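Written below as structure tokens is the structure these notes are about.
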Amino acid sequence: AQSVTQLDSHVSVSEGTPVLLRCNYSSSYSPSLFWYVQHPNKGLQLLLKYTSAATLVKGINGFEAEFKKSETSFHLTKPSAHMSDAAEYFCVVSLTGANNLFFGTGTRLTVIP
Amino acid sequence: DTEVTQTPKHLVMGMTNKKSLKCEQHMGHRAMYWYKQKAKKPPELMFVYSYEKLSINESVPSRFSPECPNSSLLNLHLHALQPEDSALYLCASSQVAGTNTGELFFGEGSRLTVL
């Protein structure tokens with residue numbers, strides 16, 4: 001079985017400070033892992049993906065994530081938060097050849113001016 | 001063109017109405033998906049079409065009826081819905097079925113309210 005756990009339902013940071021959104025995964029096989037972002041009343045957009053290549057993955061808008069197999073983690077980071085980063089972030093796992101994505105429960109990021 | 005277009009953006013319907021949600025993509029993707037998203041919850045998969053054939057139905061009630069007329073279009077026909085079906089319905093597409101091979105492209109969703 002595969003699943004993801006997002007450890008924080010809400011994270012609040014000041015503009016210009018680092019962002020850390022935490023995700024742990026559970027998978028019987030080698031997973032593919034993703035971070036998606038959803039701005040209010042919008043669809044989801046892929047930030048970055050890990051598919052068994054480099055463990056440090058760089059995405060759009062300055063975000064990156066590191067796959068740590070020993071810790072079963074895939075935390076999302078950004079050095080400096082921008083107001084436009086305020087959104088809902090979903091950590092997602094998928095299996096090779098699978099047609100489904102398994103979503104975490106989401107983390108709402110608030111950026112304080 | 002990297003867009004998935006969904007219409008209508010908002011829909012209000014009564015429990016006896018018949019309506020449809022539409023989704024269109026022109027990226028040459030051969031897999032298309034319907035997701036349902038309730039407020040403050042993650043999206044839940046409803047249906048997957050692969051090469052215009054239904055490949056996954058996640059035990060969705062028959063009052064939701066998907067249709068894939070061609071590789072660019074995906075419809076969701078709605079009939080005799082319940083108020084608890086009110087949600088944001090998201091359409092997505094990917095190059096091929098098997099989501100880990102690439103990203104899913106999501107539309108902005110159709111917000112459905114059932115009275």
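List of remarks:
- Taking a sphere under 13 Å around the Cβ of A:N61 and counting the other residues whose Cβ falls inside, with K and R at +1 and D and E at -1, yields a net charge of 0.
- Taking all protein chains into account, the per residue accessible area for the protein assembly as shown stands at 48 Å² (1.4 Å probe).
- Hits among aspartates and glutamates - C-alpha to C-alpha of A:K78 under 12 Å, sequence gap 8 or more where chains match: A:E15, A:E64, A:E66
- Label-to-label distance, nm, for residues given as B:R30 and B:L73 (7 Å Cα→Cβ offset): 2.1 nm
- Across region A:38-49, rounded Karplus estimates of 3J(HN,Hα) from the backbone phi angles (6.51 cos²θ - 1.76 cosθ + 1.60, θ = phi - 60°) give 10, 7, x, 6, 10, x, 9, 10, 6, 8, 6, 9 Hz, Gly and Pro being marked x.
- For region B:1-112, the square roots a ≥ b ≥ c of the C-alpha gyration tensor eigenvalues yield an a/c of 1.5 or more together with a/b exceeding b/c, which makes the shape prolate.
- Annotation for region B:1-55: chymotrypsin sites (Phe, Trp or Tyr not before Pro) lying in DSSP loop with at most 14 further Cβ atoms inside 10 Å of their Cβ are B:Y51.
- Cross-linked pairs A:K42/B:K38; A:K49/A:K69; A:K49/B:K53: Cα-Cα separations exceed 18 Å for A:K49/B:K53.
- Think of it this way: in chain B, B:C68 stand alone, with no other Cys Cβ under 4.7 Å.
- Computed from protein heavy atoms with a 1.4 Å probe, the total accessible area buried between B and A is close to 1800 Å².
- Assigned charges on the beta-carbon of Lys, Arg, Asp, Glu; the protein assembly as shown dipole about Cα centre (debye): 300 debye
- Computed label-point distance, nm, for sites B:A80 and B:T5 using a 7 Å Cα→Cβ extension: 3.4 nm
- Relative contact order [Cα under 8 Å, 6+ residues apart], region B:48-115, whole percent: 26 percent
- Tensor-based shape of the protein assembly as shown (alpha-carbon gyration tensor, a/c under 1.5 rounded, otherwise prolate or oblate): prolate
- Shape call, region A:35-113: gyration tensor on alpha carbons, a/c limit 1.5: oblate
- Interface residues of region B:47-91, defined as a loss of at least 20 Å² in heavy-atom accessible area between the chain alone and the complex of all protein chains with a 1.4 Å probe, are B:I56.
- Of the solvent-accessible surface of the protein assembly as shown, computed with a 1.4 Å probe over protein heavy atoms with every protein chain present, carbon and sulfur atoms account for 52 percent.
The values are calculated or read from the model by the stated rules, or taken from the named source; none is laboratory data. Please read these numbers as outputs of a predicted model, since none were measured by experiment. Glycine also receives a Cβ, built like all others from the backbone with ideal geometry; neighbour counts cover every protein chain displayed. In case anyone asks, the SASA skips ligands and DNA or RNA and just uses the protein heavy atoms, side chains included. Shrake-Rupley method; radii C 1.70, N 1.55, O 1.52, S 1.80 Å.
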